[in-house]
1. Taking the 0 to 90 degree range and rounding to the nearest ten, how far is the long axis of helix 88-99 tilted relative to the main principal axis of the chain, both from C-alpha atoms?
2. Across segment 105-111, in residue order, what do the Karplus-derived ³J(HN,Hα) couplings come to in whole Hz, using 6.51 cos²θ - 1.76 cosθ + 1.60 with θ = phi - 60° and x for Gly and Pro?
3. How big is segment 175-244 on each of its three principal axes, counting only the C-alpha atoms and giving the largest first in Å?
4. Please name whichever of Leu188, Cys200, Tyr48 sits farthest to the positive end of the charge dipole of the chain, dipole taken about the Cα centre and charges placed at Cβ: Lys and Arg +1, Asp and Glu -1.
5. If packing is taken as the average count of other Cβ atoms within 10 Å, what order do 40-48, 20-28, 201-209 fall into, highest mean first?
6. Let me check something: with ligands and nucleic acids excluded, how do Thr233, Thr128 order by accessible area (1.4 Å probe), largest to smallest?
7. How large, in Å, is the chain by the Kirkwood hydrodynamic radius built from its alpha-carbon pairs?
8. For segment 103-244, how big is Rg over Rh, using alpha carbon atoms and the Kirkwood form of Rh?
Amino acid sequence: MDNPYKVLGVEKNATIAEIKRAYRAKAKILHPDANGSSEAFRELVQAYELLADSRSRSIFDESFAMHFRSGKKKEWDYREWLLARSDDESRAKLIFFDLMHAREDEAVQEFKRMSKERPNFRLSNHFTRENFMDYGFILAEELVIRREYYDAVLLLEQIIKMEYSFSYFRHFFPEVLALARMILRSHLDGVIADELALDCWERALELGFGKADDAFFLRKMAQAYRRMGDERTARICEEESSKL
């Protein structure tokens, strides 16, 4: 990404109100629905998100100034700037930046690393609801391609719960549910550890897939508990499944 001030067409001392006005004006022109460039629109959104937040803007201003004081001639590189930072927000933005710039492997690897090393790491904390749901679903698809089924389920769970609280995907939502259902029914049993599969199926029972799916999940849970030597819980799951 170019200098975000340049992308938005505002001065370095622009107020937040001026930044918002500039963003709205350019968004009308660059939005793909208005025959604009999707890449240019993504760059505009990134520039706005960077400058609209006082904390990230302050960090950028300091880093950008240091870049030019160092005598470097090349254009400021947004990805390099994100890579050099270790805070959760920068790493989250790096994941989605790579995801949308043909660096899917790097995005998945970074997401896996952050999820493992920082238990409280949540992509949804650092984006608008809409951006998280859009990019989060794309990331879930990439996780499935790489057979990272457990992480895909946890990510889809967040997206599904958000959709239930306030409809965003609407007519596209069945595709979200279909991806989650496909993983839960076909890509857990015998593929990942029983403990992880059980966690996924237990979460699925809260996502409203319907009685047939819930009965299926409970039967799978019974089988997993039986393999683990927990006959009592296995029978409880079978009883609950038969009720459905």
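1. Helix 88-99 sits at roughly 90 degrees to that axis.
2. Those phi angles translate into 4, 5, 4, 5, 4, 5, 4 Hz.
3. Result for segment 175-244: principal-axis Cα extents of 36, 27, 15 Å.
4. Of the options given, the answer is Tyr48.
5. The peptides rank, most packed first, as 40-48, 201-209, 20-28.
6. Most to least solvent-accessible, the answer reads Thr128, Thr233.
7. Taking the inverse mean of 1/r over all distinct Cα pairs, the chain comes out at 20.4 Å.
8. 0.99
The values are calculated or read from the model by the stated rules, or taken from the named source; none is laboratory data. Computed from a prediction, not measured in an experiment: that's the story for all the values here. Note: ideal-geometry Cβ built from the backbone for every residue, glycine included; neighbour counts use all protein chains shown. Heads up: the accessible areas ignore ligands, DNA and RNA and are worked out on the full protein's heavy atoms, side chains in. Shrake-Rupley method; radii C 1.70, N 1.55, O 1.52, S 1.80 Å.
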